[in-house]
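These notes concern the structure reproduced below.
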Amino acid sequence: MKNKTGIFYGSSTGTTARIARKIGTLLNIPDNDIHDVAKTAPSKVGDYDVLIFGTSTWGSGEIQDDWLDFADEVEVLDLKGKKIALFGCGDETMSDTFCNAVGELRHRLTGTHAEFIGEYYSGSYDFDESDATDPETGKMYGLVLDETNHPELTDARLHAWTQQISDEIA
């Protein structure tokens, strides 16, 4: 049986929305399964076996604004049996908070009992700290992208990560 996958994203400038659609294309996810959290009820996550959540990092390392209320409601759900993969957009020049929002989502959703998948290396990005880094493995909690400074890295990283996700949900 195929796992039903939904992508949920918050996007202020359109970058995270564009990346969400690219992930959808690479994973053959129909457009109607790609959701802007600003326009979607949090209960919609119940329709899916695999959840791919995407956010950009703002301010001093916070999740994108549209995620605030959405995450409040999702973090109290019991998502046992579901898998969550995270991706985020950031700017490595924000060296002490690079893609922190990915880490914030991970920490907020830990109590849902979902299985997290899709950890990924930060690659050639240059930053000092990130709450999105797993201190035990050194990997990021999900795919992190810097479209501001390194858009040339995005396509290869997206292809590798989506292949990894496909393998992890097979």
Query raised in the report: In the range 1-17, what residues are part of a loop (DSSP other than H, G, I, E, B) and under 17 Å from residue 75 (Cα atoms)?
Result: 10
Query raised in the report: List pairs: first in the range 125-139 and over 19 Å from residue 154 (Cα atoms), second open to solvent by 20 Å² or more (accessible area, probe 1.4 Å) and among the charged types (D, E, K, R), Cβ under 8 Å, 6+ apart or cross-chain?
Result: 128/96; 129/96; 131/104; 134/119; 137/119
Query raised in the report: If only one of 146, 126, 155 is under 20 Å from residue 17 (Cα atoms) and modelled with pLDDT under 95, which one is it?
Result: 146
**Report entry** Long-range neighbours under 7 Å by Cβ, at least six apart or interchain, first residue closer than 20 Å to residue 3 by Cβ and hydrophobic (A, V, I, L, M, F, W, C) within the range 28-44, second modelled with pLDDT of 95 or more and surrounded by fewer than 17 Cβ atoms within 10 Å (Cβ to Cβ)
**Finding:** 34/21
Report task. Kindly list, by first and then second residue, each pair from a residue in the range 96-123 that is at negative phi to a residue that is part of a helix (DSSP H, G or I), limited to pairs with Cβ atoms under 6 Å and residues at least 6 apart or on different chains. Result -> 108/71; 117/168; 120/161
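Name the residue that is nearest to residue 59 (Cα to Cα), counting only residues in the range 116-164 that are in a loop (DSSP other than H, G, I, E, B) and of a type in the set (S, T, N, Q).
Let us first name the residues in the range 116-164 that are in a loop (DSSP other than H, G, I, E, B), namely 118-119, 121-132, 134-139, 141-142, 146-150.
Then drop every residue that is not of a type in the set (S, T, N, Q), which leaves 122, 124, 130, 137, 148-149.
Details: 122: 21, 124: 23, 130: 14, 137: 27, 148: 15, 149: 18 Å.
It comes out as 130.
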Requested in this report: Spot the failing condition for residue 167; the list is (1) surrounded by 14 or more Cβ atoms within 10 Å (Cβ to Cβ); (2) assigned to a helix (DSSP H, G or I), and only one is missed.
Outcome: (1)
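The values are calculated or read from the model by the stated rules, or taken from the named source; none is laboratory data. Here the structure is a predicted model, which is why all the values come from computation and not from measurement. Neighbour counts are summed over all protein chains in view; Cβ atoms, including those assigned to glycine, are modelled from backbone coordinates with ideal geometry. What goes into the accessible areas is simple: the full protein's heavy atoms, side chains included, and nothing from ligands, DNA or RNA. Shrake-Rupley method; radii C 1.70, N 1.55, O 1.52, S 1.80 Å.
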